[in-house]
Amino acid sequence: MQGICLLGATGSIGQSTLDVIAQHPDQFKLVNASAHSSVKKMAEICHRFLPERVVMGSAEACDELRELCSGLDVSIEWGDQALESIAAQDGVDQVMAAIMGFAGLKPTLSAIRAGKRILLANKESLVTAGQLFMNEVKKHGAVLLPIDSEHNAIYQSLPQTATGAVKKDVAKIILTASGGPFRSWSLEDMKSVTPEQACNHPNWSMGQKISIDSASLMNKGLELIEACWLFDVTPDDVEVVVHPESIVHSMVSYLDGSVIAQMGNPDMKIPIAYGMTWPNRVTTQVPPLNLVEIGCLNFEAPDLQRFPNLDLAAKAWYLGGTAMAILNAANEVAVAAFLQKKIGFLDIARVNERVLFGMNIDPVESLNVVFQADLSTREFAHHVIAQGDF
Ligand code: NAD
Ligand code: MG
């Protein structure tokens, strides 16, 4: 029986993780869970899964949840320290890191330091803390399994056994992208995109922020950096290929010309279950892939003119240091401003570029440097947006 701590339980990844737990109650038990403000959803989770501890984002949310959970034997807490504590607790074997954005970094690090199995959905934490994050994983003997579908696919396609192929046989990683809802739109049409249109992803049902990132290709940019940290490569070793059907989740190309791909219907329960059961597998109730019905798989190059965020991410990687934390923080602020209709869709990449090249980039010597970079970038990005200076 594996004890699960689910960070971000009320989100899209959280829901899919709960589905997998519910399908295999003999293998998994929800021990702890967190959410920011979705009290009703969390109350339902408490009644259904009976976790020991639950952490919310505020005292108010905590009070409301207590009322809805009276009679249940669950400890309801709030705040950063409680969040870090539930991720490191005894009895928790696996931590699903599914909080949205940079806010996920601290509790994920706490889980790493406690040597848990980390199921990493929260790409922003790895993108921003990079080498320090990976160093902590090594130092504490934590097992890090990528949940992002592309990275999960790459993980599955890489050499896994001591007797088989080794990493030096890998020629390159092929990272697939759906292209998002505006893949074939003109720049002119993209000017007036609304948040509702941007959140309407053609293949995946996801949280708001990652949906916008997918539409602007910032998600692929973050994933490019994520792949570099996870698999110890550079952006030059990774080719991004747009694949609108989202059936091939990514590939590894070998020196001899072989390409190994992982395929499946676009449903996050597949990579989530893989992470939870690795190196074994369980059923997921995702319908089997019907290639005859799909008929045709398409591939095309990304258009960096219409989607400059992808290139910005590669640049941030090569700039190094805090550049990736800066780009991430700029993007989080820009996406929030777009959702509030303060800036247009194409302005997201403009703000990102203005902020990335307007900040000092420092070497990442400690986590403190990362948190400081995040904070000062947010201030600067708010200023840039308020002044229309992008
Ligand atoms: P979501 O918006 O649906 O859910 C986010 C969860 O995080 C919620 O439970 C929310 O309560 C919590 N949260 C939000 N802000 C918080 C804060 N400041 N402090 C603490 N908790 C907070 O997001 P999602 O789509 O489930 O994505 C979660 C993470 O997984 C993101 O990093 C995303 O990039 C990554 N991811 C998602 C998918 C997907 O299909 N949804 C795929 C790959 C990776
Ligand atoms: Mg992905």
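Each reported figure results from applying straightforward, stated rules to the coordinates on display, with no laboratory input. Worth saying up front: this structure is predicted, and the values here are computed from it rather than measured. As a convention, Cβ positions derive from the backbone with ideal geometry for all residues, glycine included, and neighbour counts pool all protein chains shown.
Extension gain, residue 27-residue 80: 0.36 nm per intervening residue step, less the Cα-Cα distance, totals 16.2 nm. Length available on full extension from residue 41 to residue 357: 0.36 nm per residue minus the Cα-Cα distance, which gives 109.7 nm.
First measure r as the distance between the Cβ atoms of residue 143 and residue 48, then evaluate 1/(1 + (r/R0)^6) with R0 = 22 Å and state the FRET efficiency to the nearest 0.05. The value I calculate is 0.20.
In percent, what relative contact order does the chain have, based on Cα pairs under 8 Å that are 6 or more apart in sequence?
14 percent
Site pair residue 70 and residue 236 shows an inter-label distance of 6.6 nm when each label is modelled 7 Å from Cα along Cα→Cβ.
How much mean residue ellipticity at 222 nm does the chain get from its helices, if each DSSP H run of length 4 or more adds -39500 (n - 2.57) and you divide by all residues, to the nearest 500 deg cm²/dmol?
Working: 17 runs with 181 residues, N = 390.
After summing the helix terms and dividing by the residues of the chain, the value is -14000 deg cm²/dmol.
Rounded to the nearest whole Hz, the Karplus-based 3J(HN,Hα) values (6.51 cos²θ - 1.76 cosθ + 1.60, θ = phi - 60°) of the stretch 306-323 follow the sequence 7, 10, x, 4, 4, 5, 4, 5, 4, 4, 4, 4, 6, 5, x, x, 7, 4, with x at glycine and proline. For the residue pairs 123/269; 29/138; 123/220; 191/342; 29/209; 220/315, the C-alpha atoms sit more than 19 angstrom apart in 29/138; 29/209.
For the stretch 2-146, list log₁₀ I(q)/I(0) at each q in 0.13, 0.15, 0.18 Å⁻¹, using the Debye formula over Cα point scatterers of equal strength and ignoring solvent, two decimals each. Calculated log10 I(q)/I(0) at the listed q: -0.50, -0.66, -0.95. Residue separation of residue 158 and residue 254 scaled by 0.36 nm, minus their Cα-Cα distance, works out to 33.6 nm of gained length.
For the chain, DSSP calls about 25 percent of its internal beta bridges antiparallel.
Treating each Cα of the chain as an identical point scatterer and ignoring solvent, apply the Debye formula and state log10 I(q)/I(0) at q = 0.06, 0.07, 0.11 Å⁻¹. So the normalised log intensities work out to -0.22, -0.30, -0.79.
Evaluate the relative contact order of the stretch 2-146 (contact order divided by residue number), counting alpha-carbon pairs under 8 angstrom at least 6 apart; express in whole percent.
On the way: 288 pairs, mean separation 32.0, N = 145.
It comes to 22 percent, rounded to a whole number.
Neighbour counts of C-beta atoms inside 10 Å place 282, 20 in the sequence 282, 20, starting with the fewest. The label point for residue 60 and the one for residue 131, both projected 7 Å from the Cα toward the Cβ, are 4.3 nm apart.
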